[in-house]
Amino acid sequence: MFKYTRRAVTLTTVAGVAAGAGYYFYGRDARTGFHKYIALPIIRATLDGEQAHRLAIEVFKHPELAPRVPADWDNTNDPQGLLKVTLFKNSSNPKVKPIVLRNPLGIAAGFDKHGEAIDTLFNLGFSYVEIGSVTPLPQDGNPKPRVFRLERDGAVINRYGFNSDGHLTVLARLRLREAAEHLSQETRFAGRPLSALAINLGKNKTGDEITDYTKGVDSLGPHADVLVVNVSSPNTPGLRDLQSEEKLKNLLKTVVDRRDQLPYDTLPPVVVKIAPDLTVPEIESIAAAVKDSKVDGVIVSNTTIQRPDSLRTHDKTLINQAGGLSGLPVKPFALKALKTLRKELGSDITIIGAGGIASGQDAIDFAHAGADFVQLYTAMTYKGPGVATEVKEGIIKGLDGKKWTDIVGK
């Protein structure tokens, strides 16, 4: 009996070592099919949406072990620099410098809410990593369960409700990283060339609609390459009301003024993130507020509260869950809002496209609609950590020798 038990333990150990070695030499390459076709289906079958999200963060907290792509991927696959893009070229404040990115693809806020996985996300090939939303005080967010997959639609419904570790904890993480990598406003906080780190600011559930954001500027602004003002999550009561013209103009003017008071030679551009569920007159009002406040950019868009008839998921328990819908079904709403906003803003103000981007063609569609740059998040849920290189390969192919900047708004 003892002999067979010892043999079983030995076999288990050998299997574990072999699996670990296999992951290290094969699975650590984010581009392999291991993640998309083996790991992710197993994870989706055994863990709910939030558990899977937390597992990913726990792995990504360790960039020395997490999946990655070769650091020279962009230079090797895009030697002519067709994917390079410059954002925030026309800020009203000369201390806000243009940001040049090696490629036009970023990871949106919501994945790394607490600033725990920054370096791994850059290592996956994103040139822009946006963490948050971060609220002034820690808060748990909404009760669980609060994340629901619509797998047939490549979509997710979430109602996290700005669960956040709060400014102080996130600030401590950022400072430790900056000290370890010798980062500053001059070097940019991404910690690598032609990249940027953005911090998405939110408000506490019972927080003041202006004070919470200015607190974010004061505490996190000195540690961000870009600051994002999130007024478009559907999961915080009253938040989307801030998108009305007068409220938004007042908020953005206050945030921009507070940003301008930071005592640094280089200041982060301020970007506002809006919803896709807006009428044309509402978008026109937002455009007016953006111009009047001299904000530097707009993200179009956040999740949608709509449940389009095109959804292939027929489980009413799922599709009727409260919260924001993200992923492929959001794309037509985001594109419509983006086109309208670009028409109103003209070409001077940076617009970042988000919502339903899962392929190179999706990214190109957003560029044609007027996006200077694009972000994704939900696509990584279904395609795994190799999604950035997959999308960039698709963009390069779709450009057919043109530059990304040649097709923006065309």
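The values are calculated or read from the model by the stated rules, or taken from the named source; none is laboratory data. Quick caveat, the model's predicted, so the values are computed rather than measured. Cβ coordinates were reconstructed from backbone atoms using ideal geometry, including for glycine residues, and neighbour counts include every protein chain displayed. Accessible surface areas use protein heavy atoms only, side chains included; no ligands, DNA or RNA. Shrake-Rupley method; radii C 1.70, N 1.55, O 1.52, S 1.80 Å.
In the set K97, K113, K89, K84, which member is closer than 23 Å to H167 by Cβ and modelled with pLDDT of 95 or more? Give the derivation first.
On the way: K97 fails: closer than 23 Å to H167 by Cβ; K89 fails: closer than 23 Å to H167 by Cβ; K84 fails: closer than 23 Å to H167 by Cβ.
It is K113.
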Out of the range 395-405, which residues are part of a helix (DSSP H, G or I) and among the small types (G, A, S)? G398
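Taking the conditions exactly as written (assigned to a loop (DSSP other than H, G, I, E, B) and within 26 Å of N90 (Cβ to Cβ)), does L242 satisfy them or not? Full working, then the answer.
On the way: assigned to a loop (DSSP other than H, G, I, E, B): no; within 26 Å of N90 (Cβ to Cβ): yes.
Answer is no for this residue.
Quick check: anything in the range 143-157 over 28 Å from T313 (Cβ atoms), more than 17 Å from the chain's Cα centre (by Cα) and not charged (D, E, K, R)?
Step one: of the range 143-157, the residues over 28 Å from T313 (Cβ atoms) are none.
No, every residue in the range 143-157 fails to be over 28 Å from T313 (Cβ atoms), more than 17 Å from the chain's Cα centre (by Cα) and not charged (D, E, K, R).
Answer yes or no as to whether E209 is among the acidic types (D, E), closer than 23 Å to V298 by Cβ and not in a helix (DSSP H, G or I).
Numbers: among the acidic types (D, E): yes; closer than 23 Å to V298 by Cβ: yes; not in a helix (DSSP H, G or I): yes.
Spelling it out, E209 is indeed among the acidic types (D, E), closer than 23 Å to V298 by Cβ and not in a helix (DSSP H, G or I).
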Kindly list the number of the only condition in (1) among the polar types (S, T, N, Q); (2) surrounded by fewer than 21 Cβ atoms within 10 Å (Cβ to Cβ); (3) in contact with a Phe, Trp or Tyr (Cβ under 8 Å, 6 or more places away or on another chain) that fails for T313. (3)
Identify, please: which residue in the range 270-287 is of a type outside the set (A, V, I, L, M) and outside any helix (DSSP H, G or I) and is, among those, surrounded by the fewest Cβ atoms within 10 Å (Cβ to Cβ)? T279
Picking from L267, L251, which residue would you name as being in contact with a helix residue (DSSP H, G or I) (Cβ under 9 Å, 6 or more places away or on another chain), open to solvent by less than 20 Å² (accessible area, probe 1.4 Å), under 19 Å from P94 (Cα atoms) and at pLDDT 90 or above? L267
Checked pairs for the range 163-179, first farther than 21 Å from T206 by Cβ, second part of a helix (DSSP H, G or I) and hydroxyl-bearing (S, T, Y), C-beta under 6 Å and 6 or more apart or across chains, list as L171/S219
Determine whether D348 is open to solvent by 40 Å² or more (accessible area, probe 1.4 Å), charged (D, E, K, R) and not in a loop (DSSP other than H, G, I, E, B). no
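Suppose we filter the range 196-207 for residues that are open to solvent by 10 Å² or more (accessible area, probe 1.4 Å) and in contact (Cβ under 8 Å) with a residue 12 or more places away in the chain; how many remain? Talk me through it step by step, then tell me what you get.
Initially, the range 196-207 is screened for residues open to solvent by 10 Å² or more (accessible area, probe 1.4 Å), giving 203-207.
Restricting the remaining residues to those that are in contact (Cβ under 8 Å) with a residue 12 or more places away in the chain gives 203-205, 207.
The number of residues fulfilling the criteria is 4.
Wholly within the range 37-148, which helices (runs of 4 or more DSSP H) include no fewer than the required count, namely at least 1 residues that are free of Cβ contacts under 8 Å to residues at least 60 places away in the same chain and farther than 22 Å from G353 by Cα? Talk me through it step by step, then tell me what you get.
On the way: elements: 40-46, 49-60, 73-77, 118-123.
The helices (runs of 4 or more DSSP H) meeting that bar are 40-46, 49-60, 73-77.
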For the subset of the range 293-308 comprising residues that are touching a helix residue (DSSP H, G or I) at 6+ places or on another chain (Cβ under 7 Å) and closer than 11 Å to L252 by Cβ, which member is surrounded by the fewest Cβ atoms within 10 Å (Cβ to Cβ)? K294
For Q51, the lone unmet condition from (1) open to solvent by 90 Å² or more (accessible area, probe 1.4 Å); (2) at pLDDT below 90 is (2)
Within the range 208-238, how many residues are crowded, with 20+ Cβ neighbours inside 10 Å, over 28 Å from P98 (Cα atoms) and over 18 Å from the mean Cα position of the chain (by Cα)? 1
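Is it the case that V290 is in a helix (DSSP H, G or I), open to solvent by less than 20 Å² (accessible area, probe 1.4 Å), over 24 Å from V387 (Cβ atoms) and in contact with a Leu (Cβ under 9 Å, 6 or more places away or on another chain)? Quick ask: steps written out before the conclusion?
Numbers: in a helix (DSSP H, G or I): yes; open to solvent by less than 20 Å² (accessible area, probe 1.4 Å): yes; over 24 Å from V387 (Cβ atoms): yes; in contact with a Leu (Cβ under 9 Å, 6 or more places away or on another chain): yes.
Yes, satisfied.
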Condition (residue is open to solvent by 30 Å² or more (accessible area, probe 1.4 Å) and closer than 18 Å to V271 by Cβ) applied to the range 172-188: is it met by at least one residue? yes
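Restricting the range 363-394 to residues that are assigned to a helix (DSSP H, G or I) and in contact with an Asp or Glu (Cβ under 9 Å, 6 or more places away or on another chain), which is nearest to N75 (Cα to Cα)? It would help to see each step written out before you state the result.
First, the residues of the range 363-394 that are assigned to a helix (DSSP H, G or I): 363-369, 378-383, 387-394.
Next cut, in contact with an Asp or Glu (Cβ under 9 Å, 6 or more places away or on another chain) only: 379, 382-383, 391-392, 394.
Working: A379: 24, Y382: 27, K383: 23, V391: 16, K392: 12, G394: 16 Å.
The selected residue is K392.
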Residue check, T340 surrounded by fewer than 18 Cβ atoms within 10 Å (Cβ to Cβ) and outside any loop (DSSP other than H, G, I, E, B): no
